[in-house]
Amino acid sequence: MIQKTLIVIIFFLGFTALGQETQKDTTEISSYNRQFNSEKQVSIRVGAGIQKSFYTELGLALHTCNYGDTGFFSNDIYSALEWTPNKEKDIYGLKIGYEVNAYLLNLGLEAKYLTDFKERDFVFTPKIGLGLYGDVNIFYGYTISTSNNPFSGNIGRHQLSIVLNLNKHFLSA
């Protein structure tokens, strides 16, 4: 009786195992759908630009990329410190923003607090530009001041910038 029960259990386990779908290798190339989604990763963000005066930025970005047959898409949320050197008094900024990249087109929105420790301003900057995989981006931005632009001698309404998101994908290329 035990032998018959054991044979029936082994028989059904064999059919059950043969009927299960096996996991496909993630590196296998399918002719129907090629897709790669990156995990959210923290990237070092470095940038430089001109807004009447030269400025630099350094910060961190939470960066995600999607590559596939349908194209490329990436987005990142970032925070950075900005420094605008000035002969009279340097201007410092703390900014947060969001950028999205589809194919070569980049769109972004940034909120920034600026100060020279005497005056201060809070600005919004919508941005548009070109990018390569969300890692190397060139932007044009239009700065909107909430305090009547107290730094108008150094920070104008128009901004041109280049930003690099240095992540694992970028550094391994």
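The values are calculated or read from the model by the stated rules, or taken from the named source; none is laboratory data. Everything quoted here is computed from the prediction, not taken from an experiment. All Cβ positions, even for glycine, are placed from backbone atoms using ideal geometry, and neighbour counts span all protein chains on display.
Scanning region 96-108 for residues that are assigned to a strand (DSSP E or B) and under 14 Å from residue 65 (Cβ atoms) yields a total of 5. Evaluated against (1) over 21 Å from residue 46 (Cβ atoms); (2) in contact with a His (Cβ under 7 Å, 6 or more places away or on another chain), residue 118 falls short on exactly one condition, (2). A single member of 67, 55 is surrounded by 15 or more Cβ atoms within 10 Å (Cβ to Cβ) and modelled with pLDDT of 95 or more, and it is 55. Restricting the search to region 70-79, which residues are surrounded by fewer than 19 Cβ atoms within 10 Å (Cβ to Cβ) and within 14 Å of the chain's Cα centre (by Cα)? The answer is 72, 73, 77, 79.
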